[in-house]
Amino acid sequence: MRIVRSRAPLRLGIAGGGTDISPYCDEFTGYVLNATIDRYAYCTIEETQDNTVHFFAADRETEMVLKIDDYPFALDGALELHRATYNRIIKDFNKNKPISIKVVTFSDAPMGSGLGASSTLVVSMIKAFDEYLRLNLDDYQIAGLAYTIERQDCKLQGGRQDQYSATFGGFNFMEFYDNGRVLVNPLRIRNWIKCELESSLLLYYTGTSRVSGNIIDDQSKNMQKGESICMEAMHNIKKSALVMKESLLKGDFCTFIEHLNLGWENKKKSAKMISNQAIDEAFMAAMQSGALGGKISGAGGGGFIMFFVNPSKRSKVVEVLSKFGGWTSNCHFSNEGSQCWTVS
């Protein structure tokens, strides 16, 4: 029996999030600064002989067994991303001939965490199929295919950064243009700067996942209407991404923290649901107990908040945040993008 496994890293959105969403990037070009962390989405594909396609999301304890005669599979309800990925791979790369396999996935973060979990899962599945069918897809092809599956096949609202960060890995400055054109610029961050970031960054999970599509839809509508407050905020978010890229390369953490906070303030102006009372209270408590800056990673409304904390104040911030019902964790970066291997 042939078994293929893959993994793809989750990411922290550091700056520029939202400028990778249409219609903003189509008209103005979007800039995003992000980095992958040592949390992953995994996929295993096993060859079977029973003329079925067996999907199993181990982290959610959800499974589905479908007959290959029913291909292409309907895209509704549970495990939609699994079925959509299978449909697209078989259609584009296997001449519409369904294959009998078992696909098992699990993720180190829940959907709606703000770490790009959904997109990373799709990238991981594509990478496994790439190995299983020996497709030899390059990184841009994998990321672009993941975007197509989510945004076009499943019609899920969202930006473009998650698919590319999960595929390429590491610290990247990304440029998003019209007609779906993307440029990924890997950043050579010096080791002491990475170490300082890992010493200073604290991730706080609010305990609440959210449907990012609702927030992104609100942002998109504000942009389409050309609302001045939203548009000015988006332009400022884009400027902060440029400044934070330069400050990160130089190790200028004062400027980095300043624009981390500016980015969060502008992000809240782009849509109403990005923050709420629970997030504001936890954020304020962390800042009052020693955090120097922070922002939500992802669309907002819940998921993970990223705080920059003086290491000497770390335990105090952790203690204060523990009273708000979520949990905290360290942050370590991953330099590798999506990977795959065959188990003999």
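The values are calculated or read from the model by the stated rules, or taken from the named source; none is laboratory data. On a predicted model such as this, the values are computed, not experimentally measured, just so you know. Because the Cβ atoms are built from the backbone with ideal geometry, glycine has one as well, and the counts that use them run over all protein chains shown. Note: accessible area is taken over every heavy atom of the protein model, side chains too, but ligands, DNA and RNA are not part of it. Shrake-Rupley method; radii C 1.70, N 1.55, O 1.52, S 1.80 Å.
On inspection, Q141 does not qualify as crowded, with 24+ Cβ neighbours inside 10 Å and modelled with pLDDT of 95 or more.
Suppose the filter is closer than 23 Å to I305 by Cβ and modelled with pLDDT under 95; does S209 pass it?
Yes: the conditions hold for S209.
Filtering the range 260-275 to residues that are outside any loop (DSSP other than H, G, I, E, B) and open to solvent by less than 30 Å² (accessible area, probe 1.4 Å) leaves L260, G263, W264, N266, K267, S270, I274. Number of residues in the range 276-288 that are crowded, with 18+ Cβ neighbours inside 10 Å and without any contact (Cβ under 8 Å) to a residue 40 or more places away in the chain: the value is 1. How about the range 20-87: which strands (runs of 3 or more DSSP E) wholly inside it have at least 1 residues that are in contact with a Ser or Thr (Cβ under 7 Å, 6 or more places away or on another chain) and open to solvent by 40 Å² or more (accessible area, probe 1.4 Å)? Answer list for the range 20-87: 30-47, 62-67.
Looking for something open to solvent by 10 Å² or more (accessible area, probe 1.4 Å), of a type in the set (D, E, K, R) and in a helix (DSSP H, G or I) - is there at least one such residue anywhere in the range 331-340? There is no residue in the range 331-340 that is open to solvent by 10 Å² or more (accessible area, probe 1.4 Å), of a type in the set (D, E, K, R) and in a helix (DSSP H, G or I). For the residues L203, L197, the requirement of being closer than 22 Å to F333 by Cβ and part of a strand (DSSP E or B) singles out L203.
The listed residues are I189, I215, I193, and the only one of them that is open to solvent by less than 20 Å² (accessible area, probe 1.4 Å), hydrophobic (A, V, I, L, M, F, W, C), farther than 30 Å from R2 by Cα and modelled with pLDDT under 95 turns out to be I215. Here G158 passes the criteria (1) modelled with pLDDT of 95 or more; (2) more than 20 Å from L137 (Cβ to Cβ); (3) surrounded by 15 or more Cβ atoms within 10 Å (Cβ to Cβ); (4) in contact with a helix residue (DSSP H, G or I) (Cβ under 9 Å, 6 or more places away or on another chain) except the one numbered (1).
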